[in-house]
Structure formats: C-alpha cells, structure tokens
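The values are calculated or read from the model by the stated rules, or taken from the named source; none is laboratory data. These figures come from a predicted structure and were not determined experimentally. Note that we place each Cβ from the backbone using ideal geometry, even for glycine, and neighbour counts take in every protein chain shown.
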C-alpha cells in the first residue's frame, strides 16, 4: 500500500499539470482567435453582428468576410452650404482692439448662418403649405429660437473674446476678415457643437 500511494500522488500531480497546461492552451487559443488579424489561419472566426456574436467558417482558414459597418451620421456642416441655413443676428458690438494703448476700436454686426433643425425647411421664395405642415414648421422654428436665446450668452462671449484678441493690422485687410470669419466659425462650433455654424457674415465692420 505504501508503494501505491506515491504512484497515485504522482498520477494526481500529472493530471493537475495536464489540466493547467490545457487551460493555458485554451486561453491562448481564444486570445489568438479574438485579437489576431483575420488574414492569419484560425480554426474558426468571430463574426460580430447586431444580434450578437456568431462563429463562422468553423475549421476553415477563410475569414468570415467583412464585418457589418454602421452608416455614418451625415455631418450637418457638409450637408448645407452658405445660403441654405437660418440667419441669426447677434447684434451690434463695439469693442477695443488689442493694439497698444487700446486706442483703436471695432464696431461690427455679426450674423451667423446655422444649419436648420429638423422640421424647418429654408426657402428663398414664398411657397404654400398645408396647415399641418405649417404647424410643424412653426413649432420647430419656435424651438430653434428658444435654443438660440439660451445659447446667445455663449455666442456673445465667444465673439467678444475673439474680436478683442485682434489688432488693427490683423483685420483691416480682406484676407484678415476672411481669417476672422473662419476663426469665429471654428470657435463657435467647438464651444457649441450642436449649433453647426456654416457661415459668418459681417453686416457692419468699422475700424477706427
């Protein structure tokens, strides 16, 4: 009996070593299947679908094909061109420029053109509409105006910050004004990403 016990213990340890090696091998295989490129040969491939995870081509060295892709959401800034949006007048502003001594000032009126919200159709000519359609459009336009009223403090703060950082030499040329438009547009879209400013217009621009 004493001779058998060491043999049984050895066999038990052998089974433990085999079990540990098997678990490690399975884990390494799963890591290889999940993270290795599909161009490499695998016993099977994982196919991610909206309904869940599926196995494809079991025992084959051929990938399961391209994974399903989601249709990207269109960018409103690319959907609309200048002239196709809604105009928002931010009012007249008189600010000191960043020139030494603060003796120069700018008087300007900035109008923003923003992408129209869903339910609002921008037209350049008068068109007849059904009463139901007009009601829907008016409701969407009212919601848009309320939204703009809430955003106006941020808009005015952004305009003031950008304008007061400029000197006379930076903005008195045509190129300077174009760069100023671009900076205002990019800054507003960065601070208010749901606003979608597609153009900036200066309806008044006097530097003294």
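State the number of residues belonging to region 94-106 that are modelled with pLDDT under 90 and out of contact with any strand residue (DSSP E or B) (no Cβ under 6 Å at 6 or more places or on another chain).
Of the residues in that region, 3 qualify.
The rows are residues; the columns are (1) in the same structural domain as residue 99 (by TED's automatic domain parsing); (2) modelled with pLDDT of 95 or more; (3) in contact with a strand residue (DSSP E or B) (Cβ under 8 Å, 6 or more places away or on another chain).
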| position | (1), (2), (3) |
| --- | --- |
| 116 | yes, no, yes |
| 124 | yes, no, no |
| 133 | yes, no, no |
| 138 | yes, no, no |
| 148 | yes, no, yes |
| 194 | yes, no, no |
| 201 | yes, yes, yes |
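Taking the condition assigned by TED's automatic domain parsing to the domain that holds residue 146 and at pLDDT 85 or above, does residue 109 pass? Show your work before the answer.
Numbers: assigned by TED's automatic domain parsing to the domain that holds residue 146: yes; at pLDDT 85 or above: yes.
Yes: the conditions hold for residue 109.
Only residues that are closer than 15 Å to residue 99 by Cα and in a loop (DSSP other than H, G, I, E, B): list them for region 159-195, please.
Passing the criteria: 165, 166, 167, 172.
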